[in-house]
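Taking it in order: structure first as structure tokens, then the write-up.
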Amino acid sequence: MSIEVNHISFRYGPRQALKDVSFKLTEGGFHGLLGPNGAGKSTLFALMTRLYALQQGEITIHDQSIRKQPAQIMRRLGVVFQQSTLDLDLTVKQNLLYHASLHGISAREAAPRIEQELTRMEMMDRANDKVRGLNGGHRRRVEIARALLHQPNILLLDEPTVGLDPQTRRALNQHVRKLCAEDNLTALWATHLMEEIKPDDPVILLHKGEVMVDGQASRLLELANETDLTEAFHSLTGTKEVA
């Protein structure tokens, strides 16, 4: 298994954010982490990336414990957070060079990696542009390129397309799926936008901090007795569709 989450519970003071969450992700492929806003997706990502310390339960990646072997695990992870973490006053290339240095990658070694990832993201022509001048979609492309610089085998993306137009959302989603197919990358894509999910995608549906569905996305259709994934999602979670 690439990732095993075992009996994770987490509280913010008296508020229960996650309750006995367990699931396993097999190595390689695109996986969806679904749930409405407030379901616990970002809290789970914060635990998986060690922004928060585990309170209860365990997370293992390739049989390594996030409690006992955090450095080894973090080398395996690439992360795209919901809020942008790029330095707006640096160029695209400078942002990526800085990230590479944090992972102990020399500028000489980083240069071809930066060129490769920016080319794959169709952003090489913007390498010397300041991030402040990029639109939201282009900033997300840079963040994905940055997350892959140290050559992780797991990519975590927390609501990566929020605020982007439908065409840009679709392009980014398709690109990550392509990376999974070509590089045997394991991607966990957190979203509440069901147009980003296909019926045969393996998914985890969180609702009120608990796992409601662990299986193919088509399972949502069965449980909700619906033919449309978006309608099924809203029916199961009691939410209204967001335009």
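What to note about this one:
- Residues in region 216-228 carry Karplus couplings, in order, of 6, 4, 4, 4, 4, 4, 5, 5, 8, 6, 10, 10, 10 Hz; the curve used is 6.51 cos²θ - 1.76 cosθ + 1.60 with θ = phi - 60°, and Gly or Pro positions show x.
- Mean separation of Cα contacts under 8 Å, 6 or more apart, over the residue count of the chain: relative contact order %: 26 percent
- Region 171-186-region 39-84 distance, computed between alpha-carbon centres (Å): 21 Å
- Amide H contacts of Ala17: Phe10, Arg11, Tyr12, each under 5 Å away and 5 or more positions distant or on a separate chain (H built 1.01 Å from N in the peptide plane; Pro and chain starts excluded).
- In this structure the amide hydrogen of Val80, modeled in the peptide plane, comes within under 5 Å of the amide hydrogens of Leu156, Leu157, Asp158, none closer than 5 places in sequence on its chain.
- Taking amide H atoms as placed 1.01 Å from N in the peptide plane, the amide H of Gly29 lies under 5 Å from those of Leu185, Thr186, Ala187, each 5 or more residues away in sequence or on another chain.
- Across region 1-75, Cα-Cα distances exceeding 14 Å account for 61% of all pairs.
- The calculated FRET efficiency for the pair Asn128 and Thr85, based on their C-beta separation and a Förster distance of 25 Å, comes to about 0.80.
- Cross-link check: pairs Lys41/Lys93; Lys19/Lys178; Lys178/Lys208; Lys24/Lys208; Lys41/Lys178; Lys93/Lys178 evaluated at a Cα-Cα cut-off of 28 Å; pairs beyond the cut-off: Lys41/Lys93; Lys19/Lys178; Lys178/Lys208.
- Inverse mean reciprocal Cα-Cα distance (Kirkwood Rh) of the chain, Å: 18.6 Å
- Scaled radius of gyration (Cα, divided by 2.2 N^0.38 Å) that region 108-208 gives: 1.12
- By the beta-carbon count within 10 Å of each Cβ, the least crowded to most crowded order of Leu118, Leu205, Leu54, fewest first, is Leu54, Leu118, Leu205.
- Where the Cα pairs of region 43-146 fall when distances are cut into 5 Å bins, in %: 2, 12, 21, 19, 16, 14, 10, 5, 1, 0
- The eigenvalues of the Cα gyration tensor, multiplied by 5 and square-rooted, give region 157-243 an equivalent ellipsoid with semi-axes of 22, 16, 12 Å from largest to smallest.
- Taken one residue at a time, the phi angles of region 71-87 give Karplus couplings (6.51, -1.76, 1.60, θ = phi - 60°) of 5, 5, 5, 5, 5, 8, 9, x, 10, 10, 7, 4, 8, 4, 10, 6, 7 Hz. Gly and Pro are set to x.
- Magnitude of the charge dipole, the chain, Cβ model with Lys/Arg +1 and Asp/Glu -1, debye to 20: 820 debye
- Straight-distance crosslink candidates among aspartates and glutamates, where the alpha carbon sits under 18 Å from Lys68 and sequence neighbours closer than 8 are dropped: Glu4, Glu58
- Among Leu90, Leu155, Leu25, residue whose mean-square fluctuation peaks in a GNM of the chain (springs only between Cα atoms under 10 Å): Leu90
Every number here is computed from the coordinates shown, using simple stated rules; none is lab data. Remember, it's a predicted structure, so these values are computed and weren't measured experimentally. FYI the Cβ positions are ideal-geometry reconstructions off the backbone, even for glycines, and counts take in every protein chain you see.
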